[in-house]
Amino acid sequence: MEIIRVDAPDPQATIVLVHGAWHAAWCWQDGFAQRLAEHGISSLSPSLSGHGGSADGVRLNRMRMRDYADDVASVLAGLDAPAFVAGHSMGGGVVQGLLERTDRPALAGAALLASMPPRGVIGVTTQVARHSPGTFLLANATMNLARLARTPDQVRDLFFRAATPSDLVAATTARVQSESYLAFLDMLVLDRPRPRSIEEPVFVLGAGEDPIFSRAETAATAQAWGTDEVMVEGIGHDVMLDVGWETVADQLSSWVLSNSPR
């Protein structure tokens, strides 16, 4: 498994950063992980099976959400002390799947950033189907979800805002990849999160201009995990890449350090 580690000079906490669909560990490395390190938080960013540097020998379309949760559990199990875990988008669904488990590694806390809600991705799926019916049907017919994130316009519509600089959108378009069709079906209906009461603190952060998950869905995610949501205005779905990501990194850092046992 590809794991990109960024160590803080004087670490006060450690966090595992879990990317979302179409992304890999690279998405945390354009400043976000480095800013966490400046706050005293070391990070490990794994590329989930079939993604980025973890793609060799893996048939992506066979990956399930539980396989991704296994990936994260293996990273956590290899650490010397309980760490925090943060999941973005689909990665938030992966983290929620991990939180459901009674046999998971110990955690210091969990953060859900612009996360898939417990109801799954029915909302955004319906939205994409209505907006681009031909592309959506072809992506399903071929089980090739890369068709939904191939062009700068598609990437902007999914992950950014109208005001996001074109060079940032283009750079992201060049790096995104396909996503597992089975994982998509899991998020749609087969294996959606089943929140339960847990002892660890949970942090839910939403993006004010998120084209994928609505404010209502962010609020529902927070309610399901027994907490209140924090909204960051003026930022799109990719909260670790879009203009204003520093605010998200600072919010996450503040929460981690306030809940760190160290």
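Just so it is clear, none of the values below were taken in a lab; they were calculated from the coordinates. Keep in mind that what you see is a predicted model, and the values were worked out from it rather than measured. In this analysis, Cβ positions are derived from the backbone assuming ideal geometry, glycine residues included, and neighbour counts consider all displayed protein chains.
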| note | Applied in sequence order to segment 35-49, the curve 6.51 cos²θ - 1.76 cosθ + 1.60 (Karplus, θ = phi - 60°) yields integer Hz couplings, x standing for Gly and Pro, of 5, 4, 4, 4, 8, x, 10, 7, 9, 10, 10, x, 8, 4, 3
| Neighbour-limited loop hits for chymotrypsin sites (Phe, Trp or Tyr not before Pro), segment 6-45 (at most 15 other Cβ within 10 Å; DSSP other than H, G, I, E, B) | none
| Relative contact order of segment 3-259: what whole-number percent is it, with Cα pairs under 8 angstrom and at least 6 residues apart? | 22
| request: Quick one: check the C-alpha center-to-center distance for segment 121-200 versus segment 218-244, whole angstrom. | output: 17
| field | Note, ³J(HN,Hα) from phi for segment 128-139, Karplus 6.51, -1.76, 1.60, rounded to Hz, x at Gly and Pro | value | 5, 4, 6, 6, 9, x, x, 5, 4, 5, 5, 4
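Report the rotationally averaged projected area of segment 3-259 based on its alpha-carbon convex hull, in square nanometres. Working shown, then result.
Numbers: hull surface 49.4 nm².
Hull-based average projected area comes out at 12.4 nm².
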| message | Let me check the size of segment 1-144 from its C-alpha atoms; what are the radius of gyration and Dmax in Å? | response | 16.1, 52
| note | Put in order of increasing Cβ neighbours within 10 Å, starting from the fewest, I3, I235 give I3, I235
| All other residues with a Cβ under 13 Å from the Cβ of P46 taken together, and with Lys, Arg as +1 and Asp, Glu as -1, what is their net charge? | -3
| task | Rounded to whole Hz and in sequence order, give me ³J(HN,Hα) for segment 216-223 from the Karplus expression 6.51 cos²θ - 1.76 cosθ + 1.60, θ = phi - 60°, writing x for Gly and Pro. | result | 5, 5, 5, 5, 5, 4, 4, 4
| Top positive-direction residue, dipole computed over segment 3-259 with Cβ charges, set P165, V256, A81 | P165
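Based on the Cα coordinates of segment 66-127, what is the per residue volume of their convex hull in Å³? Intermediate values should be presented prior to the final figure.
Working: hull volume 4.6 nm³, N = 62.
Hull volume over Cα atoms, normalised by residue count, gives 74 Å³.
Dipole size in debye (nearest 20) for segment 3-259 around its Cα centre, Lys and Arg Cβ +1, Asp and Glu Cβ -1? Don't skip to the answer; put the middle values down first.
Details: 19 positive and 29 negative charges, 193 e Å.
I would put it at about 920 debye.
Which whole-number percent gives the relative contact order of segment 90-205, counting Cα pairs below 8 Å spaced six or more residues apart?
44
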